[in-house]
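Asks: Take this structure, written in structure tokens, and hold onto it; I'll ask about it next.
Just so you know, all these numbers are worked out from the coordinates, no wet-lab data involved. Computed from a prediction, not measured in an experiment: that's the story for all the values here. Cβ coordinates were reconstructed from backbone atoms using ideal geometry, including for glycine residues, and neighbour counts include every protein chain displayed.
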Amino acid sequence: GESVGLHLPTLSVQEGDNSIINCAYSNSASDYFIWYKQESGKGPQFIIDIRSNMDKRQGQRVTVLLNKTVKHLSLQIAATQPGDSAVYFCAENPYSSNTGKLIFGQGTTLQVKP
Amino acid sequence: NAGVTQTPKFQVLKTGQSMTLQCAQDMNHEYMSWYRQDPGMGLRLIHYSVGAGITDQGEVPNGYNVSRSTTEDFPLRLLSAAPSQTSVYFCASSYGPGRETQYFGPGTRLLVL
């Protein structure tokens, strides 16, 4: 079946370093991908998204890269800060956009060391 | 805008009891969804709605009912609570086709004894 998975459950980085969180997806028909950040006790918060007709999209300190050939998605966080510590989820939409449905991965915990 | 709001924040139920988790959004979003999140896992879709009067099942619908009588509200009903329904429940909403970004509420923590 379809699945969205993350390569590592926990990523530990030094404050100020760049972070890269990876995600693999299995459905080549997926046309929309999104990254969420979830802090403890809170709901997921939108970070950045990308459509399948793009390879790269940049936001403030974040960049999402999409490699459709190997069905791989990554989130890059520049100059990681303690406030970036959270669980990060990738999600995909392998269905028609008319459903509004997303499939979520299990999440990667990002720990930022001061 | 308040965004997506959920009530209650926390609830304890006994096995067999019923309850309704409330979700409301003030962004005029067409799409609304309910997810559950269990420890160490991602979010799993329970039910979703693409507009008032239209609902459909997600990945894990058993034991839950939904209705969508208005654009703003999307309540989730547990008919007869079971310990397996202990989880954190999130409601989300989005504009619709071409604008799939979902915005989440703060969640409801449910404990079923």
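Asks: Counting other beta carbons within 10 Å of each residue's own, what order do B:ARG36, B:ARG68 fall into, fewest first?
Replies: If I rank by nearby Cβ atoms, fewest first, I get B:ARG68, B:ARG36.
Asks: Suppose R0 equals 30 Å. What FRET efficiency, 1/(1 + (r/R0)^6) with r the Cβ-Cβ distance, do B:ASN62 and B:VAL12 give to the nearest 0.05?
Replies: Calculated transfer efficiency: 0.90.
Asks: Sticking with this structure for a sec: Rule-of-thumb check for the protein assembly as shown: C-alpha Rg over 2.2 N^0.38 Å?
Replies: 1.01
Asks: Rounded to a whole number of µm²/s, how large is the Stokes-Einstein D of chain B at 25 °C and 0.890 mPa s, given Rh as the Kirkwood radius over C-alpha pairs?
Replies: The calculation lands on 176 µm²/s.
Asks: Something else about it: Anyone know which of A:LEU75, A:LEU102, A:LEU66 comes out most mobile in the 10 Å Cα GNM of chain A?
Replies: Most flexible of the set in this elastic network: A:LEU102.
Asks: Here's a follow-up. List the pair-distance distribution P(r) of chain A, using every Cα-Cα distance, as the percent of pairs falling in each 10 Å bin from 0 up to the bin containing the longest distance, rounded to whole percents.
Replies: Per 10 Å bin, starting at 0, the Cα pair percentages come out as 15, 49, 30, 6, 0.
Asks: Lysines within cross-link reach of A:LYS37: Cα-Cα under 25 Å, excluding same-chain residues under 8 positions apart?
Replies: Within the straight-line cut-off, A:LYS37 pairs with A:LYS56, A:LYS68, A:LYS71, A:LYS101, A:LYS113, B:LYS9.
Asks: Exposure proxy check: A:ASP55, A:ASP49 ranked by fewest other beta carbons within 10 Å?
Replies: A:ASP55, A:ASP49
Asks: Let me ask you something else. Could you work out the local net charge near A:ASP49, counting Lys and Arg as +1, Asp and Glu as -1, over the other residues with Cβ closer than 9 Å to its Cβ?
Replies: +1
Asks: Using a Förster distance of 30 angstrom, determine the FRET efficiency expected from the C-beta separation of A:GLN14 and A:ARG57, and round it to 0.05.
Replies: 0.70
Asks: Spin-label point model (7 Å from Cα, Cβ direction): what's the B:ILE54 to A:LYS68 distance in nm?
Replies: Spacing of the two 7 Å Cα→Cβ label points: 2.6 nm.
Asks: How much net charge surrounds B:VAL60 when only the other residues with a Cβ under 9 Å from the Cβ of B:VAL60 are counted, with Lys and Arg +1 and Asp and Glu -1?
Replies: Cβ neighbours under 9 Å give a net charge of +1.
Asks: In addition: Sorting B:CYS91, A:CYS23 on the 10 Å Cβ count, fewest up front, what's the list?
Replies: A:CYS23, B:CYS91
Asks: Using only Cα atoms, locate the centre of the range A:23-72 and the centre of the range B:1-71, then give the distance between them in Å, rounded to an integer.
Replies: So the separation of the two Cα centres works out to 24 Å.
Asks: To continue, here is another question. Given the options B:THR101, B:THR55, B:THR20, which has the most mean-square fluctuation in a GNM of chain B, springs set between C-alpha atoms less than 10 angstrom apart?
Replies: B:THR101
Asks: Could you give the dipole magnitude of the protein assembly as shown about its Cα centre, charging the beta-carbon of Lys and Arg +1 and that of Asp and Glu -1, in debye to the nearest 20?
Replies: I would put it at about 240 debye.
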